[in-house]
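First the structure, in the form of structure tokens, and then the observations on it.
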Amino acid sequence: MKLLVTGAAGFIGANFVYYWLEKYPKDEIRIIDSLTYAGNIENLTPIKNKIKFFEADINDNKAVAEAIAGVDVVINFAAESHVDRAIFDPSSYWHTNVHGTLTLLEEAKRAGIGRFHHVSTDEVYGELQLGSKDKFTEKTAYSPRPDNLYALSKAEADKIVMDFYHNNDMFVTISNCSNNYGPFQFPEKFIPIIVANLIDGIKVPLHGDGRNERDWIHTKDHASAIDLILQKGKSGETYLVGSDNDRSNAYIAEKIVDLYGADQSEIRHVPDRHSNDRRYAIDATKIIEELGWKPIIGRDNFDEGLEETIKWYKDNQEWWRPLLKRRASITDNNKTLSAFISLDRETGKTKFAFGKVEKTKQKLEKNSGHHLKKHFVEQNLVRYEIVVKNLESKIWYKNTDNDIKKKVKALGLNPATFGYLEDLASREDKINGDKILRLAKVEHANPEFGVYGIASWFEVENHDKEKRMEGYYSWGWGPKSGAKILALIRRKGEITHFAFRREQKFPTGTIEYNLAGGFPKLNESVLDFIIRSMNKDLGLSVSKRDISISEIISLGRMSPDTGMTNNKPNIYAVIVDLDDEKYKDVQKGDKFEEDIGIVLWPISEMADIVNKCDDAYFLAALARFKLSGVVDIKLQ
Ligand code: NAD
């Protein structure tokens, strides 16, 4: 058999190729990999005579056409999987994960390839509650966490793969797998970094409270599952792959420290990562029962799997040491600034160092826009029709004036505001138990918000037939879900103040303490957005060079405020080193109570604000920041 494997210079792809050649030594393997920051040609050195390697981007139609000619099967591992990178450069996710998959499918179709297998992730299903016994199955609805660009782009890619099954009659299969461990994993990832730090006597970083759970599977078990899907899987089917091995991050860290023979005091709690989902767990019944898959290492032999993995990293230090020094150069969305990313071993997070734009990097997205636009418009139209049908079945919508209906539908046809229509259609027909009679008014928030913020005014009626108006606000969602920022000012290495606004709050109209933030513009990275908000909302004079990613602390997401729907903003604490010059126009502390405006408040007096403030976002941000343990704050 002839196989084309994409992304096989990366972690799982390389392990898959080793597995395959051991089991089917006569097969011909071709590999396409563009050798990004995560790709490493050394992974394939021992088998270099047994493979044909094409160093190319999967978006390169010509290279893909050459590599794909005459193969029986395509297996797509290539992906941008580095979550921290999305903070700076969100477009790379769309480039590889979405558009790259589309290019591969188009070329596979053109070449008449018999089977296309797409390797996906359980993150497309979103996160599960900690403490629940729930597991993802093939029937679980896709619900990628809106601030996890990796998950969002993989979900979009899965949909495109299924489109080629439905509309082009292609033989496609998808596997959605849980977290992998094994050899060749880039040392910035959780398990290798624990081992590498233990070897070098650096404390093991454990993010957040350590209770987040992942369902760990050995790469050999993942490879055997894909092998079986290639043999017996049915076209158009998705198979969830996991070895019933959900464990908390704290368990993994403690276990590895234990197996390594080190002391538990080697573990150090550090603030949480950006977009750190709480829990994933997989129910793999379908692949077990329909295809007869059985993990060999699985849960029962997890200790052995871990031991073998620890040994591999101990024995292959010449493999991972150079990778730890690797600095990837990337550019931001506006192509105005480039950054080098590398690993901070103490915190287990990505470090960014900023520099000038490298001209050569700018060519990357030559012709990606066109296909994407075409594809998304077609998909939106199908979704649009379903949503409009749902809306039109509602009595209050039938009673709504035609000009408002027209306005609503126009908003739905615009991909940027389509979410508003979805939000309206999925609303309950009551507000606080009172019946909605009609949609009376639709108002846009200030267009400077870029994505959308739309207020819907409903006429409602209570049991006594009294009528009143109720306003609801819908926000844009997805990667553009709102974000709130707790800005902390550090001087001479010590956090001394936090910055906030005191202003009239929508929709209540009361004067409140308010965090900076709102909505990123289309194509604005989280980092750019944070900087814009700090400058605009807080009157500080902050540049990219003032913020390092390890000082953006993710404090999780918040459920909507009263009167708001749809979005769950992300809350970040951002620490900036600023001298007096950069906030000279901002009021400092104590006399702000009657005033409206920007305030810098001493961190030592945080308790004062807590006792006076009613704003849920503000209080949640303070409480969660306190829990992060970055500074010791007194709240009483
Ligand atoms: P990885 O980052 O280690 O490897 C990805 C590889 O793809 C790299 O070699 C990189 O150079 C290559 N690549 C990236 N962009 C490319 C492009 N445009 N063209 C060609 N090659 C490109 O990732 P991984 O952890 O091995 O993941 C492989 C696949 O498995 C991904 O699709 C991922 O979504 C999926 N997956 C991973 C996990 C996990 O735990 N790591 C779990 C479930 C699913």
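Brief remarks on what is shown
- Packing-based exposure ordering (other Cβ within 10 Å, fewest first) of Asp403, Asp423, Asp258: Asp403, Asp258, Asp423
- Gain upon complete extension [Lys139, Arg268; 0.36 nm per residue less C-alpha separation]: 42.6 nm
- For segment 199-240, taking the reciprocal of the average inverse distance between every pair of different Cα atoms yields a Kirkwood hydrodynamic radius of 14.0 Å.
- Residues Lys286, Lys484, Lys232, sorted so that the one with the fewest Cβ neighbours within 10 Å comes first: Lys232, Lys286, Lys484
- Loop-resident trypsin sites (Lys or Arg not before Pro) (DSSP state other than H, G, I, E or B) in segment 121-197 with no more than 11 further Cβ atoms inside 10 Å of their Cβ: Lys133, Lys139.
- Translational diffusion of segment 114-176, estimated by Stokes-Einstein from the Kirkwood radius over alpha carbon pairs at 4 °C in a medium of 1.567 mPa s, is 103 µm² per second.
- On the principal axes of its alpha carbon atoms, segment 157-263 extends 56, 26, 23 Å, with the longest extent given first.
Quick note: the coordinates plus some simple rules give every number you see, no bench work behind them. From a predicted model like this one, the values you see are computed outputs, not experimental measurements. Neighbour counts run over all protein chains shown; Cβ positions are idealised from the backbone, glycine included.
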